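Novice: Attaching a single structure in structure tokens format; questions to follow.
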Amino acid sequence: MGQIEMPLMQRLEGPAIVPTSMLALASTYRQAVRVCWQLRRAKGLTVTDLAREFGFNRQHASDYLNADDAPTRRNLPPEQIAAFEEVCGNAFITQWLAARQGLTVLEELQAERAAA
């Protein structure tokens, strides 16, 4: 998978929102993690930097981003998605997961209002 050059819609706080048309770039969770990494704001950021500066285990992070998808490769744990997206500067994984379930922000708001 080649480097993707695409401007992201920016938020004032937190990771940027990725255009929904880009969600088709991933068909699996592991691909979504790799696309999130490819879209990172700091293009010079390495897996070693991810481990050293942001508290990820180097060997685990290498597994998360390895393209071979071998069954022995570790997946990014769900509890680390927010931290990973914060480092990358985009919310690709969260958006991909929500889109996979067909969940929209409007549906969330409607469910919240119905519950109130």
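Novice: Going by what's in this entry, would A111 be described as under 12 Å from the mean Cα position of the chain (by Cα), open to solvent by less than 70 Å² (accessible area, probe 1.4 Å), free of Cβ contacts under 8 Å to residues at least 40 places away in the same chain and farther than 13 Å from Y29 by Cβ?
Specialist: no
Novice: Related question: Of all residues in the range 3-28 being at pLDDT below 65 and open to solvent by less than 50 Å² (accessible area, probe 1.4 Å), which is nearest to A82 (Cα to Cα)?
Specialist: Applying the filter and picking the extreme gives L8.
Novice: Which of (1) on the phi < 0 side of the Ramachandran plot; (2) surrounded by fewer than 18 Cβ atoms within 10 Å (Cβ to Cβ); (3) among the charged types (D, E, K, R) is the odd one out, the single condition E85 does not satisfy?
Specialist: (2)
Novice: Could you please find all residues in the range 34-69 being open to solvent by 60 Å² or more (accessible area, probe 1.4 Å), under 21 Å from A91 (Cβ atoms) and in contact with a helix residue (DSSP H, G or I) (Cβ under 6 Å, 6 or more places away or on another chain)?
Specialist: The answer is F54, and nothing else.
Novice: Can you find, within the range 70-79, the residue that is least open to solvent (accessible area, probe 1.4 Å) among those that are closer than 22 Å to Q95 by Cβ and of a type outside the set (D, E)?
Specialist: L76
The values are calculated or read from the model by the stated rules, or taken from the named source; none is laboratory data. Keep in mind it's a predicted model, so treat the numbers as computed, not measured. Positions of Cβ are backbone-derived with ideal geometry, glycine not excepted, and every protein chain shown enters the neighbour counts. The accessibility values were calculated without ligands, DNA or RNA, using every heavy atom of the protein model including side chains. Shrake-Rupley method; radii C 1.70, N 1.55, O 1.52, S 1.80 Å.
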